Amino acid sequence: MKAVQIDQYGGTEVLQYRDVPDPVVVAGEILVDIHATSLNFGDIKVRKGLRPAYVNLTGFPHTLGRDFSGVVRTVGSGVKEFRPGDNVFGVLDSLQEGAYAEMIAINSALVARKPDALSHAEAVSVALTGLSALHSLEDAAKLKAGETILIHGGSGGIGTFSVQYAKHVGARVYTTASARNHDYVRGLGADVAIDYATEDFVQLVPTCDVVFDMIGGDVQRRSIDVLRPGGRIVIIAPSTKDADGVRDDVTVLRPIVSRDRAHLERIASLVMSGAVHAPEITRMPLSAVRSAHELAESRQVKGKIVLEIR
C-alpha cells in the first residue's frame, strides 16, 4: 500500500510518499481501507521532532496521521459490531499514528459508524477536532447555557467545532481569529470576533465563565485576567505553566482527550442533528502531503485540510 513516512525529523522534505507493507489485523481489530485522513497540527510537531514520544514507540520509518474515515475491509476475531463494507471513522489511540496510508489496522473500540449523510472528508474533519472540543467543553468545563466563553483560534479545526458547540448549548461566544476569518467565525455562531493581530482581547472581552486556550504562553497568562471568580480555563495548549498558580479563585483544567466510540458517536449525533456542521475543508491528495503541510504552516486555511486517498 501507499503511505507517507518520515525517516528523520525536519521540514516538509522529510515526508516520503512510498510503498509500505500492508497491515495485518489481530484479534479485536478491524482493517480499514482509508478514504480520507486529516492534517492536524500535531502531525507537523511530530515531523519536526517536537513530540518524540510518538516516534519512540515505533522508531523510523514512522507513518504519520491520527484520524481517518474509510470502509472496513476485514475484521479480526472477536469483532462483532462491524463487518466488511461498513463505513466507519475513528481516531488512533494516544501516542499511536499511521493514518497517512491506504489501510490501517485499529482496535475496533476506537471506531464508530460514519453517518451515511457525511462524506469521508466531512467525517474525518470532525474526528480528532471533535474529540478535543467535547472533552474540553462538555466533559471538563461543563459549559452551559447563559455562560460566556472566550475561544482562542476560532477559525481552526478545533475552534470551528468549539464555536458551534458553545453556541449550541446556549453560551455567549467570543473568539479570536485573524480579520480575514471574522465572517467565517460569525457564520459559525460567534457573537464577537476579535482580531488577535491588532486588538487586545483583554480589553474587549467581558468577564468570562470559561476560556478555551489552544495557544499557550502570553495568551494563556493574559486569559486569566478575563475570568470571573470561580471561572474555568480549559487548556489543550502544550503546557499549563502560564496559568498555574496565577489566581486561586479560578480553576485550571487540563482534559485528557481519550479515544473511544462513545465520543465519536456523540460527534456524529451533533453533526446529524445540525448542531455542528463540518468545517470548511481544503481537499488535497495524499501524494501532495508536502504542499499540504506547507499550507497548514502558513496558517492561511480556515477549517481543516483533508488528505484524500480514495
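The values are calculated or read from the model by the stated rules, or taken from the named source; none is laboratory data. Everything quoted here is computed from the prediction, not taken from an experiment. For neighbour counting, all protein chains shown are included, and Cβ atoms are generated from backbone atoms with ideal geometry for every residue, glycine included. Accessible surface is based on the protein model in full, side chains and every heavy atom, while ligands, DNA and RNA are left aside. Shrake-Rupley method; radii C 1.70, N 1.55, O 1.52, S 1.80 Å.
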Restricting to the range 44-83, and then to whatever is among the β-branched types (Val, Ile, Thr) and over 30 Å from LEU118 (Cα atoms), can you tell me which residue is nearest to the chain's Cα centre (by Cα)? VAL55
Residue satisfying all of: in the range 5-15; in contact with a strand residue (DSSP E or B) (Cβ under 9 Å, 6 or more places away or on another chain) and outside any strand (DSSP E or B); most open to solvent (accessible area, probe 1.4 Å) among these: ASP7
Single unsatisfied condition, SER125 versus (1) surrounded by fewer than 24 Cβ atoms within 10 Å (Cβ to Cβ); (2) in contact (Cβ under 8 Å) with a residue 60 or more places away in the chain; (3) not basic (Lys, Arg): (1)
Within the range 155-165, how many residues are of a type in the set (A, V, I, L, M), touching a residue at least 40 places away in the same chain (Cβ under 8 Å) and open to solvent by less than 10 Å² (accessible area, probe 1.4 Å)? 0
Among (1) surrounded by fewer than 24 Cβ atoms within 10 Å (Cβ to Cβ); (2) more than 15 Å from the chain's Cα centre (by Cα); (3) charged (D, E, K, R), which single condition is ASP93 missing? (2)
When you scan the range 71-169 for strands (runs of 3 or more DSSP E) that lie fully inside it, which ones turn up with 3 or more residues that are over 30 Å from ASP200 (Cα atoms)? 87-91, 103-107, 111-113
When residues of the range 223-254 are limited to those that are among the basic types (Lys, Arg) and closer than 22 Å to LYS142 by Cα, the one nearest to the chain's Cα centre (by Cα): ARG254
GLY65 vs. criteria buried (at least 22 other Cβ atoms within 10 Å of the Cβ) and either outside any loop (DSSP other than H, G, I, E, B) or touching a helix residue (DSSP H, G or I) at 6+ places or on another chain (Cβ under 9 Å) (or both): yes
Subset of the range 197-218 that is open to solvent by 40 Å² or more (accessible area, probe 1.4 Å) and touching a His at 6+ places or on another chain (Cβ under 8 Å) - its residue that is nearest to SER136 (Cα to Cα): MET214
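Residues are listed down the side, and each one gets a yes or a no for (1) assigned to a loop (DSSP other than H, G, I, E, B); (2) among the basic types (Lys, Arg); (3) open to solvent by less than 10 Å² (accessible area, probe 1.4 Å):
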site	(1), (2), (3)
ALA3	no, no, yes
TYR17	no, no, no
PRO23	yes, no, no
LEU31	no, no, no
ALA36	no, no, yes
LYS45	no, yes, no
TYR54	no, no, no
Taking the range 133-154 only, how many residues are open to solvent by 10 Å² or more (accessible area, probe 1.4 Å) and closer than 21 Å to PHE68 by Cα? 1
Checked ARG113, ARG180 against criteria (open to solvent by 30 Å² or more (accessible area, probe 1.4 Å), charged (D, E, K, R), in contact with a strand residue (DSSP E or B) (Cβ under 7 Å, 6 or more places away or on another chain) and farther than 21 Å from GLY42 by Cα); the one match is ARG113
ALA296 hydrophobic (A, V, I, L, M, F, W, C), over 21 Å from SER69 (Cβ atoms) and either within 14 Å of the chain's Cα centre (by Cα) or buried (at least 20 other Cβ atoms within 10 Å of the Cβ) (or both): no
Identity of the residue in the range 219-274, touching a strand residue (DSSP E or B) at 6+ places or on another chain (Cβ under 6 Å) and within 19 Å of ASN87 (Cα to Cα), that ends up most open to solvent (accessible area, probe 1.4 Å): GLU265
Is there any pair with a first residue in the range 11-22 that is without any contact (Cβ under 8 Å) to a residue 40 or more places away in the chain and a second that is surrounded by 15 or more Cβ atoms within 10 Å (Cβ to Cβ) and assigned to a strand (DSSP E or B) whose Cβ atoms are under 6 Å apart and which are 6 or more apart or on different chains, and what are they? VAL14/ILE6
